[in-house]
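Read the structure below first, then the notes.
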């Protein structure tokens, strides 16, 4: 029993080390995801009048979450973000098309919301985004980076690198890093919505 526990801990430590090591390997994809995302934050902000259709989507989310308890709100936020990040990684296999769509859409959405806050003189409300954003945004950027790596594997394959290994390492990052970050972000966001 003690030996099995020791083996489990050793195996866990090894996987964790490999996961953080893989994060270093995908840093150029992380940078690309970061730049693409904020390019479209800029687009959403500057050309906000072209994205007024987003109001319907934002109102729909407000309606869906109205009257939810803290726990319900937490699960709603956590589930949505988790699914988005998971499919951003997994569907990267489609030459990163879905991954790029997620980066573009979320960038435009954030830029659009920021512009609305500025126009309505409520810029100080940005601080509500910040506490959970410091956990949620890295999780999104990592997911985008992994999706890009998977989708562009065919074009930028390293010598002896196998697709299955890339997919396995990506899922390790998802479970060991992305999931905990989203969990923390959902806790903070649901608390801020309920109490503020």
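What do you reckon, is residue 184 assigned to a helix (DSSP H, G or I), touching a residue at least 24 places away in the same chain (Cβ under 8 Å), farther than 28 Å from residue 97 by Cβ and out of contact with any strand residue (DSSP E or B) (no Cβ under 7 Å at 6 or more places or on another chain)? Here the answer is yes, as residue 184 does meet what is asked. The requirement of being modelled with pLDDT of 90 or more, under 28 Å from residue 158 (Cα atoms) and surrounded by 14 or more Cβ atoms within 10 Å (Cβ to Cβ) is satisfied by residue 37. What is the residue count in region 72-86 for residues that are in contact (Cβ under 8 Å) with a residue 40 or more places away in the chain and either exposed (fewer than 11 other Cβ atoms within 10 Å of the Cβ) or farther than 18 Å from residue 132 by Cβ (or both)? Counting residues in region 72-86 that are in contact (Cβ under 8 Å) with a residue 40 or more places away in the chain and either exposed (fewer than 11 other Cβ atoms within 10 Å of the Cβ) or farther than 18 Å from residue 132 by Cβ (or both) gives 1. Within region 161-172, residues that are on the phi < 0 side of the Ramachandran plot have Cβ atoms under 9 Å from residues that are in a loop (DSSP other than H, G, I, E, B) and surrounded by fewer than 13 Cβ atoms within 10 Å (Cβ to Cβ) in these pairs: 163/154; 163/157; 166/157, counting only partners at least 6 apart in sequence or on another chain. Of the set (1) surrounded by 11 or more Cβ atoms within 10 Å (Cβ to Cβ); (2) more than 13 Å from residue 108 (Cβ to Cβ), all apply to residue 45 but (2).
Report yes if residue 112 is over 20 Å from residue 82 (Cα atoms) and crowded, with 21+ Cβ neighbours inside 10 Å, otherwise no. In short, yes. Would you check if residue 51 is closer than 12 Å to residue 105 by Cα and surrounded by 15 or more Cβ atoms within 10 Å (Cβ to Cβ)? Against the criterion (closer than 12 Å to residue 105 by Cα and surrounded by 15 or more Cβ atoms within 10 Å (Cβ to Cβ)), residue 51 qualifies.
I want to confirm something. Restricting to region 66-108 and keeping residues that are outside any helix (DSSP H, G or I) and out of contact with any helix residue (DSSP H, G or I) (no Cβ under 9 Å at 6 or more places or on another chain), which single residue is farthest from residue 146 (Cα to Cα)?
Let us first name the residues in region 66-108 that are outside any helix (DSSP H, G or I), namely 66-69, 94-96.
Among the residues that remain, those that are also out of contact with any helix residue (DSSP H, G or I) (no Cβ under 9 Å at 6 or more places or on another chain) are: 66-67.
Values: 66: 34, 67: 36 Å.
That would be 67.
Residue 141 meets the stated requirement of being closer than 21 Å to residue 110 by Cα, assigned to a helix (DSSP H, G or I) and out of contact with any strand residue (DSSP E or B) (no Cβ under 9 Å at 6 or more places or on another chain).
The values are calculated or read from the model by the stated rules, or taken from the named source; none is laboratory data. Treat the numbers as computed from the prediction; the structure is a model and nothing was measured. Please note: Cβ atoms are built from the backbone with ideal geometry, for glycine as well, and neighbour counts cover all protein chains shown.
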